[in-house]
1. With Lys50, Lys13 as the choices, which residue is within 10 Å of the ligand (Cβ to nearest atom), of a type in the set (Lys, Arg) and within 22 Å of Asn137 (Cα to Cα)?
2. Does Arg121 count as within 11 Å of the ligand (Cβ to nearest atom), basic (Lys, Arg) and either touching a residue at least 24 places away in the same chain (Cβ under 8 Å) or more than 17 Å from Gln16 (Cα to Cα) (or both)?
3. From the set of residues in region 166-209 that are at pLDDT below 95 and of a type in the set (A, V, I, L, M), which is farthest from the ligand (Cβ to nearest atom)?
4. Quick check: anything in region 10-27 among the charged types (D, E, K, R) and either touching a Gly at 6+ places or on another chain (Cβ under 7 Å) or modelled with pLDDT of 95 or more (or both)?
5. Counting only residues that are over 15 Å from the mean Cα position of the chain (by Cα), surrounded by 15 or more Cβ atoms within 10 Å (Cβ to Cβ) and closer than 14 Å to Pro86 by Cβ, how many does region 50-64 have?
6. Do the conditions hold for Pro199, that is, is it farther than 22 Å from Val89 by Cα and exposed (fewer than 15 other Cβ atoms within 10 Å of the Cβ)?
7. Do we find a residue being under 28 Å from Gln188 (Cα atoms), touching a strand residue (DSSP E or B) at 6+ places or on another chain (Cβ under 8 Å) and at pLDDT 95 or above anywhere in region 53-66?
8. Pull out all pairs, ordered by first then second residue, where Cβ-Cβ is under 6 Å, the residues are six or more apart or on different chains, the first lies in region 40-64 and is of a type in the set (D, E, K, R), and the second is at pLDDT 95 or above and more than 8 Å from the ligand (Cβ to nearest atom).
Amino acid sequence: MHIILIGPPGSGKGTQANLLTKLLAVNYIATGDMFREEVAKGTELGKLAKVYMDRGDYVPDEITIDMLLKRLENTPKNGVLLDGFPRTVGQAQALDDALAKRDTAIDKVAYINVSEEELTRRLGGRLICERCRSVYNEATHRSKRTGICDRCGGMLYQREDDRPEAARRRLSVYFQQTTPVLEYYRKQGKLAEVSGEGPIEDVTFALLTAFGAASVLPD
Ligand code: AMP
């Protein structure tokens, strides 16, 4: 199973991708996490990517595609869930070409739809655990102790690119560059649209249904 989750920043894409990866027992690739790891390690790629990420811009296609395809080559072939890739039509085409060479293809793409007003509200309040990466939100999902992760006791912080100016830029870049990707997969008959505004478990159920895999849930 090769599936893609697409959603604007703040749509809950990362949260859902983590849940789905466990439920579907597929490999998980998130280009945003890969870039953040490179930044944390201080590599040349990380230094370059950080310039774009901090502004809320996309990292250029050639860098992103190269990194993703290398990871894909080293990923077991039993199936993959892609989170945050592709974000441009160029990336979608490169992915299709690479998969075709492996005699496989994307099965299904789910788009998590959330209104722009709600996205702005969520991004403003988002906090991440520096240790286990759990996501909290001051508006919708607060930690029990301010600034401390419920799960592992790690410190919570606001991502550089969630600060208001970068968050606004990320949303506008997303709507400009990633909306055509939805059209790309709609034309292939692979796109399903799911509302991301309900409770987390409802969104998970809708996504599993879109992927034709609701049977993995316990009764
Ligand atoms: P995310 O965690 O998915 O929101 O990604 C964080 C940041 O990493 C984005 O705002 C971009 O700067 C960069 N990034 C992640 N995935 C991609 C991609 N497929 N294409 C370009 N830039 C990306």
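1. Numbers: Lys50 fails: within 22 Å of Asn137 (Cα to Cα).
Going through Lys50, Lys13 in turn, just one is within 10 Å of the ligand (Cβ to nearest atom), of a type in the set (Lys, Arg) and within 22 Å of Asn137 (Cα to Cα): Lys13.
2. Numbers: within 11 Å of the ligand (Cβ to nearest atom): no; basic (Lys, Arg): yes; either touching a residue at least 24 places away in the same chain (Cβ under 8 Å) or more than 17 Å from Gln16 (Cα to Cα) (or both): yes.
Taking the combined requirement at face value, the residue does not satisfy it.
3. So, considering only residues that are at pLDDT below 95 and of a type in the set (A, V, I, L, M), the one farthest from the ligand (Cβ to nearest atom) is Ile200.
4. Looking only at region 10-27, we keep the residues that are among the charged types (D, E, K, R), and these are 13, 22.
Checking the rest, the ones that are also either touching a Gly at 6+ places or on another chain (Cβ under 7 Å) or modelled with pLDDT of 95 or more (or both) come to 13.
Yes - at least one qualifying residue is present in region 10-27.
5. 2
6. Values: farther than 22 Å from Val89 by Cα: yes; exposed (fewer than 15 other Cβ atoms within 10 Å of the Cβ): yes.
Against the criterion (farther than 22 Å from Val89 by Cα and exposed (fewer than 15 other Cβ atoms within 10 Å of the Cβ)), Pro199 qualifies.
7. Step one: of region 53-66, the residues under 28 Å from Gln188 (Cα atoms) are 57-66.
Filter once more, so that each one left must be touching a strand residue (DSSP E or B) at 6+ places or on another chain (Cβ under 8 Å): none.
Checking region 53-66: not a single residue is under 28 Å from Gln188 (Cα atoms), touching a strand residue (DSSP E or B) at 6+ places or on another chain (Cβ under 8 Å) and at pLDDT 95 or above.
8. That search, which allows pairs on different chains as well, returns Lys50/Val39; Asp61/Gly90.
The values are calculated or read from the model by the stated rules, or taken from the named source; none is laboratory data. The model shown is predicted, which means the values in this text are computed figures rather than measured ones. FYI the Cβ positions are ideal-geometry reconstructions off the backbone, even for glycines, and counts take in every protein chain you see.
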